[in-house]
Amino acid sequence: MSGTFVGMPAFPQAAREAVGNPTLRGNLRHATHTIRAKRAKAVAEVSDWAELREAGKRIKDHTLRHLDRYLVQLEESVTAAGGIVHWAADADEANRIVARLVKETGESEVVKVKSMATQEIGLNEALEAEGIRAYETDLAELIVQLGKDRPSHILVPAIHRNRGEIRDIFRSEMGEWGRPAPDGLTDTPAELAEAARLHLREKFLRAKVGISGANFMVAETGTLVVVESEGNGRMCLTLPETLISVVGIEKIVPTWRDLEVFLQTLPRSSTAERMNPYTSTWTGTTDSETADGPRTFHLVLLDNGRTDTLADEVGRQALRCIRCSACLNVCPVYERAGGHAYGSVYPGPIGAILSPQLRGTADDIDASLPYASSLCGACYEVCPVAIDIPEVLVHLRERVVEGGLVVREGNKVVLRPARGHAAERAAMRAARWAFARPGALRAGQRLASRTRRLHPRTLPGPGRAWSGTRDLPAVPAEPFRDWWQRTHGGEGETK
């Protein structure tokens, strides 16, 4: 299971369809601009934001360089605290582990905390195939699940829905999943929230098994951390008797003190809050029937392409990501195309560099994602761990066009260039030949200037894809070198 949305076209086609939906674009524009403005205000309050950003980057880079050591330390700490650690090489293995653990409890229902890792591996669908029903408890995730929809944003999965659409989903679908929506439900936010609260309350009180991800794992203590704004996570983490957490191996930090940095930068970058309303931490299990917390705790450490990504010196910085979604909210491409166009649970700029590394670039969706960007750099400017997303995008574009040596499933393999880029490679080879020969370049420039009135407005053949959305630059009447020779007599010119 790769996490790809089945049946999705490559990004250019999916984006073309999305930008033609005025309701979607209106929803996205309103939501992203609102979040973006609030984030900027929250960040401006912190005088040492640049230092915090650099500290987060350094902590993450240090941890990734020594990931083998810290993962072993984490396993030892979790085990010492009473938890059980499982290692999953890929999505299929993780799903098998979780399904087996749930079946061993004798339960057929689970409640879930919002988790990108479980979305990535398609856990809900895998559990359903095993006769186990998973209930999402995050409000936005609940909307997506009830609407038989897909998430379109890392932080706000239902960002593409407006209040009227949510009201209609609650009215028509809640009854199939449990307590129905109240009669006469309107699209007032307070009423929608109360309907969700009543619907979920019975599930919280009934569930014996909870499933979560984690924002961070602390190697020295075996502590897991979940930050959220609604309280549903706290309910899932404390009420069920058994807790199963599926977490990517990159979510580890060495020490408890390292959280000091991220618990300042994450809430401001994601929800524009000084701190999250609910910051839940747990270490191991409880042996008391009256105390909060699970009596059985399982941690499933997920690789699923992360080790392969770690082997790429340029691309590995994507593993710093703390899933704040700030890059989505400033991206002009995401704002217009929406999250579904990316064909992955990781949309936006971070998805454009993370998905092709976790899944490879063999299919058309993943080969197109590095091009889902204008390279404006806004994503890098807001990233709280300084991931240079434009740098990685260009790096991955080179991989798509040229192929080359990569690591897949722990083995070095040579990728063949993606289909459809032969003309681009030929053009680059021709340019390299011309730039290496000044005489030929000068002759070509003069020929282009003298024939400029005959130039077409669009390129023929494969070039049509480029000029279909761009204006061809006008060729000057005189090449620069000729102008310089005429006006300055060639002074300082390198022959």
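A few points about this structure:
- Residues of the stretch 74-124 satisfying the condition of being part of a helix (DSSP H, G or I), among the small types (Gly, Ala, Ser) and surrounded by fewer than 16 Cβ atoms within 10 Å (Cβ to Cβ): 80
- Taking the stretch 247-273 as the range and being more than 25 Å from residue 112 (Cα to Cα), in contact with a helix residue (DSSP H, G or I) (Cβ under 6 Å, 6 or more places away or on another chain) and of a type in the set (Asp, Glu) as the test, only 258 passes.
- Taken over the stretch 189-199, the criterion of being closer than 17 Å to residue 136 by Cβ and either free of Cβ contacts under 8 Å to residues at least 12 places away in the same chain or open to solvent by 10 Å² or more (accessible area, probe 1.4 Å) (or both) is satisfied by 192, 193, 197, 198.
- Verdict on residue 206 being open to solvent by 10 Å² or more (accessible area, probe 1.4 Å) and without any contact (Cβ under 8 Å) to a residue 24 or more places away in the chain: no
- Residue that is nearest to the chain's Cα centre (by Cα), among those in the stretch 454-465 that are surrounded by 10 or more Cβ atoms within 10 Å (Cβ to Cβ) and over 14 Å from residue 422 (Cα atoms): 464
- Residue, surrounded by the fewest Cβ atoms within 10 Å (Cβ to Cβ), within the stretch 125-142, restricted to residues that are more than 21 Å from the chain's Cα centre (by Cα) and part of a strand (DSSP E or B): 133
- For first residues located in the stretch 401-425 and part of a loop (DSSP other than H, G, I, E, B), partners that are open to solvent by 60 Å² or more (accessible area, probe 1.4 Å) and among the acidic types (Asp, Glu) and lie 6+ apart or on another chain with Cβ distances below 6 Å form the pairs 417/402.
- Residue that is of a type outside the set (Phe, Trp, Tyr), under 30 Å from residue 80 (Cα atoms) and modelled with pLDDT under 95, where the choices are 207, 158: 207
- Hits in the stretch 16-65 - residues which are surrounded by fewer than 18 Cβ atoms within 10 Å (Cβ to Cβ), closer than 30 Å to residue 310 by Cβ and basic (Lys, Arg): 58, 65
- For the stretch 309-351, filtered to residues that are on the phi > 0 side of the Ramachandran plot and either part of a loop (DSSP other than H, G, I, E, B) or among the aliphatic types (A, V, I, L, M) (or both), the residue that is surrounded by the fewest Cβ atoms within 10 Å (Cβ to Cβ) is 323.
- Residue 191 being at pLDDT 95 or above and part of a loop (DSSP other than H, G, I, E, B): no
- Residue 35 of a type in the set (Val, Ile, Thr), closer than 21 Å to residue 261 by Cβ and either at pLDDT below 90 or within 21 Å of the chain's Cα centre (by Cα) (or both): no
- Among the residues of the stretch 352-396, those that are open to solvent by 30 Å² or more (accessible area, probe 1.4 Å) and under 21 Å from residue 251 (Cα atoms) comprise 359, 380, 388.
- Per the conditions (1) under 19 Å from residue 323 (Cα atoms); (2) loosely packed, with under 14 Cβ neighbours inside 10 Å; (3) not β-branched (Val, Ile, Thr), the sole criterion not satisfied by residue 405 is (1).
- Contact map, the stretch 221-247: residues that are closer than 19 Å to residue 102 by Cβ paired with residues that are open to solvent by 50 Å² or more (accessible area, probe 1.4 Å), Cβ distance under 6 Å, separation 6+ or inter-chain. Pairs shown: 238/292; 240/208; 241/208; 241/295; 242/105; 242/296.
The values are calculated or read from the model by the stated rules, or taken from the named source; none is laboratory data. Keep in mind the model is a prediction, meaning the values are calculated, not measured. Cβ atoms come from the backbone with ideal geometry, glycine included; neighbour counts cover every protein chain shown. With ligands, DNA and RNA removed, areas are computed over all heavy atoms of the protein, side chains included. Shrake-Rupley method; radii C 1.70, N 1.55, O 1.52, S 1.80 Å.
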